[in-house]
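The values are calculated or read from the model by the stated rules, or taken from the named source; none is laboratory data. Since the model is a prediction, treat every value here as computed from it, not as a measurement. Don't worry about glycine lacking a Cβ; one is built from the backbone with ideal geometry, like all the others, and counts go over all protein chains shown.
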Amino acid sequence: MSLAERAEGDPAATIAARELSKAFGGVQALRSASFAARRGEVHALVGENGAGKSTLIKILGGRLHADSGNVLLDGNAVRLGGPADAARRGIGTVFQELTLLPWMSVAENLLIGREPRSALGLIRRNALAGEAEAVLAGLGIHHIDPRALASEVSLAERQIVEVARVIVRQPRILLLDEPTSSLVEREVEWLFARIRELRARGTAIVFTSHRWNEITSVADRITIFRNGAEVGTFDAIDEDEAVTLMTGRRVEALYPPLPPVPSPAAPALQLEEAGVGDGGTVSLSVAAGEILGVGGLAGQGHRELFLGLFGAPPLARATIRIGGEPIVITCPADAIHAGLGIALVPEDRKTEGLLLPLSVRTNLTLPILAQLSRLGVIRGGAEARMSREIIDSLGIRTPNAAQPVGALSGGNQQKVLIGRWLLAQSRILLLYDVTRGVDIATKHEVYELMMRLARQGRAILFYSSDTEELTHLCHRVLVLSRGRIVAEFAPPALTAEAVVAAAIREPHAA
Ligand SMILES: Nc1ncnc2c1ncn2[C@@H]1O[C@H](COP(=O)(O)OP(=O)(O)OP(=O)(O)O)[C@@H](O)[C@H]1O
Ligand SMILES: [Mg+2]
């Protein structure tokens, strides 16, 4: 590994942060942090959840002002008046939280501020979609309908439109905060191809990610953040070393060994002929102590299946058995009563899953409030103790349990969602992309936890947009395509290549 010179003094830097500090109330998000990116490089910014990456990007992108320190553009200190001012100076930013306006079309979002106009300066509404289609096609995107409302397209598609909107403006400096967290492999490849093109044209690209294989495949240099400041910038560094610098501790092998499934297998959850998507049906069975993976490309019915099992909303038609007994699930209360728990990373944290204005403690204990209350009075002591335990064991970075969840960093919000199912003690867990946006050390903890839960005899149905995760953490993996199971793999045939190949194979005509 080689430590580059101290960032702030990098004479080749096109954008730099010099000793930036930023506090939110009592939380010091940046502590005299420095960073520098050069023309024609891809620079990865890595660190644990809450390390300050998004805060730095927001300041460099003009969305936040630092309490002290400077942003330097080509060596000169600048005061950015906002994202629009930053854009005028050539800085394009894709923030971690999506910013498309849901009630506007993809085309309107994409071309906002640069719509086709008539000689009189009026927006040519009817030309908008065609123009957007051409812009998207120019970037190699053919599957997104520019006429659809932003709220109607999938999360991955929205993310792609966010990126497209910034790169069509050809920024000199491109800041991408976790652009891949909702993308699957093929879409990540698309993004990286665009990043490489921009690099060849001399653009400075800064991106954050929690997926190490992505970082090493595209980054020229890596800056590690810890606790609000840079630890160092490296031309090359191996993962173990990087994780140690990020966390201050060593992480053993990322994937823990799978415990054996008790035999004979006792079916915990059986699903027969569940209607998923347009005309698809899914049958599956998960045994107690088994981790069953469901893989495949995004948008093939996974989300519908997981939410459907939890009754939110219920599956179109299905026979569901729990412990061999047939059961009807029409709403989440039925599912919880039957011993089902669901942890799902919300597509949009603002509308799903978390109650952002409420405290970390309340968000954690939401599903077990009934258990915690006696004669309608919540036992505050028990609630506080249980939430404290989860905050400690998952390392949730929050000043205290009373902090509103909305003030936590993205990854820490996720940990609150994961913490919920720990407390809920469900027999059957539906885990839907739970590690999306979670840092490596925490991922490792979540994996350990999954193994512990399996060893205790719980049945786990697991979807992940990260195929590596599926192949390492599951006893079996089913591949879902257009609402149907198209393949099933178990070791030794269970490999990432096999799962991806099955997922992209054209389905046979029905
Ligand atoms: N608006 C806010 N109000 C209060 N605290 C905040 C706010 N924004 C960020 N913080 C806190 O500042 C710290 C740094 O957050 P930041 O979002 O920069 O982390 P991050 O490195 O991007 O993490 P992640 O990988 O989870 O996205 C965190 O402890 C976070 O809780
Ligand atoms: Mg962040």
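Tabulated data for the structure shown
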read-out	value
Number of the condition not met by Leu60 [criteria: (1) more than 30 Å from Asn412 (Cβ to Cβ); (2) assigned by TED's automatic domain parsing to the domain that holds Gln28; (3) not aromatic (Phe, Trp, Tyr)]	(1)
Helices (runs of 4 or more DSSP H) fully within the range 399-503 counting 2 or more residues that are of a type in the set (A, V, I, L, M, F, W, C) and at pLDDT 90 or above	440-455, 467-473
Matching residues in the range 123-143 - criterion: being under 14 Å from Glu108 (Cα atoms) and either surrounded by fewer than 21 Cβ atoms within 10 Å (Cβ to Cβ) or of a type in the set (Asp, Glu) (or both)	Ile123, Arg124, Arg125, Asn126, Ala127, Leu128, Ala129, Gly130, Glu131, Glu133, Ala134, Val135
Any hit, the range 142-160, residues being in a helix (DSSP H, G or I) and either within 16 Å of ligand 1 (Cβ to nearest atom) or on the phi > 0 side of the Ramachandran plot (or both)	yes
Among the residues listed as Ala37, Ala12, the single one being over 22 Å from Arg169 (Cα atoms) and among the aliphatic types (A, V, I, L, M)	Ala12
Of the criteria (1) within 16 Å of ligand 2 (Cβ to nearest atom); (2) at pLDDT 95 or above; (3) acidic (Asp, Glu), which one Asp67 fails	(1)
Single match in Ala384, Ala490, Ala401 (criterion: away from ligand 2 (no atom under 16 Å from the Cβ) and within 23 Å of Pro267 (Cβ to Cβ))	Ala490
Flag if Arg79 is outside the structural domain of Gly232 (by TED's automatic domain parsing), among the charged types (D, E, K, R) and free of Cβ contacts under 8 Å to residues at least 24 places away in the same chain	no
Residue within the range 487-498 that is touching a Ser or Thr at 6+ places or on another chain (Cβ under 9 Å), surrounded by fewer than 20 Cβ atoms within 10 Å (Cβ to Cβ), over 21 Å from Gly295 (Cα atoms) and among the hydrophobic types (A, V, I, L, M, F, W, C) present	no
Residue in the range 86-100 that is free of Cβ contacts under 8 Å to residues at least 40 places away in the same chain and surrounded by fewer than 16 Cβ atoms within 10 Å (Cβ to Cβ) present	yes
Filter result for the condition that a residue is surrounded by 14 or more Cβ atoms within 10 Å (Cβ to Cβ) and modelled with pLDDT under 90, over Leu292, Leu355, Leu305, Leu340	Leu340
Candidates Phe207, Phe234, Phe225 - the one that is at pLDDT 90 or above, closer than 18 Å to Ala44 by Cβ, away from ligand 1 (no atom under 16 Å from the Cβ) and among the hydrophobic types (A, V, I, L, M, F, W, C)	Phe234
Pairs, first assigned by TED's automatic domain parsing to the domain that holds Phe310 in the range 321-333, second part of a strand (DSSP E or B) and among the charged types (D, E, K, R), C-beta under 9 Å, six or more apart	Arg321/Glu272; Ile327/Arg321
Residue pairs meeting the criteria (Cβ under 6 Å; at least 6 apart or on separate chains; first without any contact (Cβ under 8 Å) to a residue 24 or more places away in the chain and more than 8 Å from ligand 2 (Cβ to nearest atom), in the range 44-57; second not small (Gly, Ala, Ser) and not in a helix (DSSP H, G or I))	none
Residue within the range 9-29 that is within 16 Å of ligand 2 (Cβ to nearest atom), aromatic (Phe, Trp, Tyr), under 23 Å from Val166 (Cα atoms) and surrounded by fewer than 20 Cβ atoms within 10 Å (Cβ to Cβ) present	no
Residues within the range 280-300 that are out of contact with any Asp or Glu (no Cβ under 6 Å at 6 or more places or on another chain), among the small types (Gly, Ala, Ser) and farther than 17 Å from Val434 by Cα, tallied	5
Residues of the range 410-462 that turn out to be more than 16 Å from ligand 1 (Cβ to nearest atom) and within 15 Å of Leu394 (Cβ to Cβ), as a count	12
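Each row is one residue, and each column tells you yes or no for (1) more than 22 Å from His472 (Cα to Cα); (2) in contact (Cβ under 8 Å) with a residue 12 or more places away in the chain; (3) assigned by TED's automatic domain parsing to the domain that holds Gly308.
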{"residue": "Arg226", "(1), (2), (3)": "yes, yes, no"}
{"residue": "Phe234", "(1), (2), (3)": "yes, yes, no"}
{"residue": "Met246", "(1), (2), (3)": "yes, yes, no"}
{"residue": "Pro259", "(1), (2), (3)": "no, yes, no"}
{"residue": "Glu273", "(1), (2), (3)": "yes, yes, yes"}
{"residue": "Val282", "(1), (2), (3)": "yes, yes, yes"}
{"residue": "Val286", "(1), (2), (3)": "no, yes, yes"}
{"residue": "Ile291", "(1), (2), (3)": "no, yes, yes"}
